[in-house]
Amino acid sequence: MLDWIPAELSALEAKGLRRTLEPIAGAQGPVVEISGRALVNLCSNDYLGLARDPRLRDAAVQATTRLGAGAGAARLVVGDMDLHHELEARLARMKGTGAALLFSSGYHVNAGVVGALVGPGDAVFSDEWNHASIIDGCRLSRADVQVYRHRDVDGLARLLASSRARRRLVATDAVFGMDGDAAPLGEIVDLCERHGAMLYLDEAHSTGVLGPTGAGLAEALGLTARVDVLMGTLGKALGSFGAFVAGSPELVDWLVCRARTFVFTTALPPACCAAAIAALDVLATEPERRARLDALSRRMKAGLEALGFSMRGVVAPIFPVVLGEERRALEASRLLRQRGFHVKAIRPPTVPPGTSRLRVSLTASHAPAQVDGFLAALKDVLAALG
Ligand SMILES: Cc1ncc(COP(=O)(O)O)c(C=O)c1O
């Protein structure tokens with residue numbers, strides 16, 4: 001019954017849209033080994049370089065030794081551990097909210113929390129470039145989904161003004177994962193307040209990166225108290241795995257009852273929680289990591305601009321090198337690999353057709369020479385591509 005698959009895969013291949021897995025041998029880091037070659041890794045979300053930090057690793061080992069490998073059940077059954085509550089308290093403190101609730105991943109948060117807040121008869125307003133998991137969460141909610149143009153506050157204002165829905169929720173990425181630009185949060189907060197809409201902010205790429213203490217975009221703009229739902233992930237800058245919602249205690253109480261992706265899944269394993277707690281310690285005590293990341297980012301941004309790429313609006317260590325057609329992006333990625341750099345080509349449906357790109361990202365563990373080496377290799381590759 002699955003005999004249709006090979007032809008469909010060939011069709012994807014012909015359009016330059018086939019995706020395949022490529023295992024790295026060894027650990028995540030600024031250099032990774034793929035197919036026996038050491039490559040400078042410019043596509044990880046391990047922004048603070050914590051994924052293989054010995055402190056996170058040791059915390060995970062100790063928690064596993066003490067508490068076991070798995071939580072064994074959903075939180076509401078018998079998987080709820082002291083360690084989950086300890087991490088939730090730490091996350092709420094970091095975010096500056098009254099409470100926080102752990103989920104298995106950022107995907108789980110977005111897929112389940114939107115539907116816990118709005119449903120049939122309600123409306124959700126979503127930036128067109130929001131992450132796929134928000135898009136799926138909107139669809140699953142069965143609310144009326146209204147998509148506004150990327151960062152278009154006037155468009156959003158018009159949609160909100162004409163909506164007669166019972167409850168309204170505006171959902172936006174804080175930092176957009178494929179472009180590194182930020183939502184116009186101040187204007188969106190004002191609009192939500194004016195129209196009585198709830199605000200849902202996805203801080204997956206900004207947690208640990210933006211703001212005076214690394215709490216994210218809302219902290220950077222002093223807007224935390226005016227955002228109803230803040231989500232963040234533990235799997236990017238915080239070097240572990242899992243995710244969370246931060247907000248009021250009432251919000252958390254409600255999600256415990258109604259977020260299906262919280263209720264109907266196994267609790268996070270102890271190792272992930274302990275590693276995340278260790279990451280929060282590092283975030284609080286080593287601001288120099290973020291300073292290093294900032295300096296590297298400025299270097300990369302200036303170099304890419306000198307090569308003619310627009311970095312307008314980029315606020316995070318994510319740099320879109322937009323090349324256009326899928327095959328051009330794939331070829332650029334292949335040629336860069338020959339020169340010792342691992343940068344993935346990002347193609348539709350992850351990005352709009354005609355905007356295939358290299359999504360270049362940096363971590364605090366990179367060296368300035370690796371940035372310079374990449375810029376020189378990219379210049380070479382662009383000349384080869386014509
Ligand atoms: C904006 C955004 N939200 C949510 C997620 C999902 O987070 P996780 O990887 O923890 O599932 C991602 C991951 O790529 C993302 O980029």
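Sorting check: for 380-386, 283-289, 208-214, which peptide has the highest mean count of neighbouring beta carbons within 10 Å, and how do the rest follow?
Put in order of decreasing packing, that is 208-214, 283-289, 380-386.
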Q. Which distance in nm do the two modelled labels at residue 295 and residue 310 give, with both placed 7 Å along the Cα-to-Cβ direction?
A. 3.1
Q. Expressed in nm to one decimal, what extension gain is obtained for the pair residue 17 and residue 74 from 0.36 nm per residue of sequence separation less their Cα-Cα distance?
A. 16.8 nm
Q: Evaluate the relative contact order of the range 136-196 (contact order divided by residue number), counting alpha-carbon pairs under 8 angstrom at least 6 apart; express in whole percent.
A: 27
(Q) Show me the ranking of peptides 363-371, 40-48 by mean Cβ neighbours inside 10 Å, starting with the highest. (A) 40-48, 363-371
Q | Given charges at beta-carbon only (K, R positive; D, E negative), |dipole| of the range 86-171 in Debye | A | 220
Q | the range 272-311 shape via C-alpha gyration tensor axes, a/c threshold 1.5 | A | prolate
(Q) Please report, ordered by residue number, every helix of the chain (full DSSP H runs) that is 18 Å or longer along its axis going by C-alpha atoms and whose mean Kyte-Doolittle hydropathy reaches 1.6. (A) 270-285
Q | Partner lysines for residue 379 [C-alpha distance under 28 Å; skip if fewer than 8 residues away on the same chain] | A | 15, 301, 344
(Q) With an 8 Å Cα cut-off and a minimum separation of 6 or more residues, compute the relative contact order for the range 246-386 in percent. (A) 23
Q. In Å, the Kirkwood hydrodynamic radius of the range 269-350 over pairs of distinct alpha carbons?
A. 15.6
Q.
Please compute the contact order of the chain in relative form: average sequence separation of alpha-carbon pairs under 8 Å and at least six residues apart, divided by the residue count, as a percent.
A. 23
Q) For the range 167-251, with the dipole built from +1 on Lys and Arg beta-carbon atoms and -1 on Asp and Glu ones, taken about the Cα centre, which of 174, 222, 232 lies farthest toward the positive end? A) 232
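Can you tell me the dipole magnitude for the chain around its Cα centre, using point charges on the Cβ only (Lys, Arg +1; Asp, Glu -1), in Debye to the nearest 20?
Here the chain has a charge dipole of around 540 debye.
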(Q) Below 10 angstrom from the Cβ of residue 59, what's the summed charge of the other residues (Lys, Arg +1; Asp, Glu -1)? (A) -1
Q) R0 = 22 Å: FRET efficiency of residue 263 with residue 139, Cβ-based, nearest 0.05? A) 0.70
Q. Could you give the Stokes-Einstein D for the chain in µm² per second, using the C-alpha Kirkwood radius, 37 °C, 0.692 mPa s?
A. 151
Q) Dipole size in debye (nearest 20) for the range 31-79 around its Cα centre, Lys and Arg Cβ +1, Asp and Glu Cβ -1? A) 140
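Quickly rank 242-250, 298-306 as a protection proxy: mean count of other C-beta atoms within 10 Å, highest first.
Highest mean packing first, the order is 242-250, 298-306.
Only the coordinates and a few stated rules stand behind these numbers; no lab work does. Here the structure is a predicted model, which is why all the values come from computation and not from measurement. Backbone-built Cβ (ideal geometry, glycine too); neighbour counts: all protein chains shown.
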